[in-house]
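To keep things clear, I will list the structure first and then write my remarks on it.
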Amino acid sequence: MSAPASPSDSAFLRAARGERPDHTPVWFMRQAGRSLPEYRKVREGVGMLESCMDPELVVEITMQPVRRYGVDAAIFFSDIVLPLKAAGVDLDIKPGVGPVVASPVRTMADVEAIPELEPVHVPFITEAVRGLVGELGGTPLIGFAGAPFTVASYLVEGGPSKEHAATKAMMFGAPDVFEALLAKIARTAATYLEVQVAAGASAVQLFDSWAGALTPQDYRTHVQPHSAAVLSRAASLGVPRIHFGVGTANLLTDMGEAGADVVGVDWRTPLDRALPLVGDRAVQGNLDPTLVFAPTEVLTARAAEVIEAGRGAKGHIFNLGHGVIPSTDPDQLARLTEFVQSYELAG
Ligand code: CP3
């Protein structure tokens, strides 16, 4: 697919604004990363956080899937815990594990000890975004941040968690500490997004990957106000805001109302069921990421169903329902990209 003249004319931004582009735009969460041999090669011997702080490497890794697939958007290569690391929190990203925090956050004193992120902590982000915008031309760059609940889970649990038990125990048992923690993460996330957009990012995505662990009532009471604070600061930047979570069938309305222009839907909720829940907003998603392991004709038949369901939306950005699984064959994603971009939208 030939690149658009400028990001604002791109199919991605047009769909995000609720206009009708000439084809359904497509990109993939985690499109950069271990599924690509060229990624594994440039990451050899370089730690994850180290690579996120190296503008040249960030530009190269972000560009890799754009070059390979011709996707309709790039996503900035970074991680949801990077801004905390940059602000001075002692954490690492362990290969095959994920973010690991040296001293888990449990008390008000622990929350107060987390430094506030300031733009001066992340000059390498500005440099990387500027470099990317130059290389990308008309292809838009999506900036992103982790949402307060999902980032809090890593800080409170000390690492990845299935149940988020310590995090939710804090939410139920020490709501003042939980509130202070989420408010601080929200400020960090908003600052991080502001830096990316100031340097040239065309859209932002707030990842609340683990919000699906919450009941709607707990989400609304304890979490939504903080995500809304991030999205409201992002609103003044004038770029579309995508809000995504996993297992959020019960939360889609609340996630939209938190202030999203586009609601990301995971693969468990068919788009036709999601549409009435998100209201007058565009949607992003939502092919099951394991379909790449099926024969190509099964993959594309299911992609066609997603595109058809997306026709009823205010706008539709095609994506997987969660990130690319590392063992994915890049050739399947290339075939999927080409299928989505050439799918006949007329009529
Ligand atoms: O291409 C892209 O989508 C941009 C890059 C990106 C990364 N992390 C790079 C990364 C994005 C958008 C993220 C966000 C992120 N990080 C989320 C939200 C999205 C989601 O998947 O739900 C979450 C929950 C994290 C926390 C995190 N960081 C996890 C769970 C892991 C994986 C652990 C593992 O190794 O399996 C990481 C590490 C990470 N972040 C990798 C990448 C490419 C793998 C590290 C490596 O390549 O060595």
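The values are calculated or read from the model by the stated rules, or taken from the named source; none is laboratory data. Since the model is a prediction, treat every value here as computed from it, not as a measurement. Cβ atoms come from the backbone with ideal geometry, glycine included; neighbour counts cover every protein chain shown. Quick note on the areas: whole protein, heavy atoms, side chains included, nothing else; ligands and nucleic acids left out. Shrake-Rupley method; radii C 1.70, N 1.55, O 1.52, S 1.80 Å.
Could you please give the count of residues in the range 254-278 that are surrounded by fewer than 17 Cβ atoms within 10 Å (Cβ to Cβ) and in contact with a strand residue (DSSP E or B) (Cβ under 9 Å, 6 or more places away or on another chain)?
So the count comes out to 2.
Please go through (1) without any contact (Cβ under 8 Å) to a residue 40 or more places away in the chain; (2) open to solvent by 40 Å² or more (accessible area, probe 1.4 Å); (3) within 16 Å of the ligand (Cβ to nearest atom); (4) more than 18 Å from ILE185 (Cα to Cα) for GLY134 and return the number of the only condition it doesn't satisfy.
Going through the list (1) without any contact (Cβ under 8 Å) to a residue 40 or more places away in the chain; (2) open to solvent by 40 Å² or more (accessible area, probe 1.4 Å); (3) within 16 Å of the ligand (Cβ to nearest atom); (4) more than 18 Å from ILE185 (Cα to Cα), GLY134 breaks only (3).
Being part of a loop (DSSP other than H, G, I, E, B), of a type outside the set (Gly, Ala, Ser) and open to solvent by 40 Å² or more (accessible area, probe 1.4 Å) is the filter here; which residues of the range 210-246 pass it?
TRP210, THR215, LEU237
Taking the stated definitions as given, is GLN64 buried (at least 18 other Cβ atoms within 10 Å of the Cβ) and part of a loop (DSSP other than H, G, I, E, B)?
So GLN64 does not fit the description; no.
I'm told THR167 meets every condition in (1) in contact (Cβ under 8 Å) with a residue 24 or more places away in the chain; (2) open to solvent by less than 10 Å² (accessible area, probe 1.4 Å) except one. Can you identify the failing condition by its number?
Going through (1) in contact (Cβ under 8 Å) with a residue 24 or more places away in the chain; (2) open to solvent by less than 10 Å² (accessible area, probe 1.4 Å) one by one, THR167 breaks only (1).
Consider only pairs whose beta carbons are under 7 Å apart and that are at least six residues apart or on different chains; among these, list those whose first residue lies in the range 291-313 and is touching a residue at least 24 places away in the same chain (Cβ under 8 Å) and whose second residue is open to solvent by 80 Å² or more (accessible area, probe 1.4 Å).
THR296/ARG335; ALA309/ASP272; GLY312/ASP272
Out of curiosity, is ILE80 part of a helix (DSSP H, G or I) and modelled with pLDDT of 95 or more?
no
For the range 1-59, how many residues are within 13 Å of the ligand (Cβ to nearest atom) and either more than 22 Å from the chain's Cα centre (by Cα) or of a type outside the set (A, V, I, L, M) (or both)?
21
Residue-wise test of (1) within 11 Å of the ligand (Cβ to nearest atom); (2) of a type outside the set (Gly, Ala, Ser); (3) at pLDDT below 95; (4) in contact with a Phe, Trp or Tyr (Cβ under 8 Å, 6 or more places away or on another chain).
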| residue | (1), (2), (3), (4) |
| --- | --- |
| ASP110 | no, yes, no, no |
| ILE114 | no, yes, no, no |
| GLU118 | no, yes, no, no |
| THR126 | no, yes, no, no |
| VAL129 | no, yes, no, yes |
| GLY158 | no, no, no, no |
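Cβ-Cβ distance below 6 Å, separation of 6 or more or different chains: which pairs start in the range 143-154 with a residue that is part of a strand (DSSP E or B) and end on one that is at pLDDT 95 or above and of a type in the set (Ser, Thr, Tyr)?
If the second residue must be at pLDDT 95 or above and of a type in the set (Ser, Thr, Tyr), the pairs left are ALA145/TYR192.
Considering the range 247-267 alone, what residues qualify as being more than 13 Å from GLN284 (Cβ to Cβ) and part of a loop (DSSP other than H, G, I, E, B)?
Listed by number, the residues that qualify are GLY247, ALA249, ASN250, LEU251, ALA258, GLY259.
Of all residues in the range 87-106, how many are farther than 18 Å from PHE149 by Cα and open to solvent by less than 20 Å² (accessible area, probe 1.4 Å)?
1
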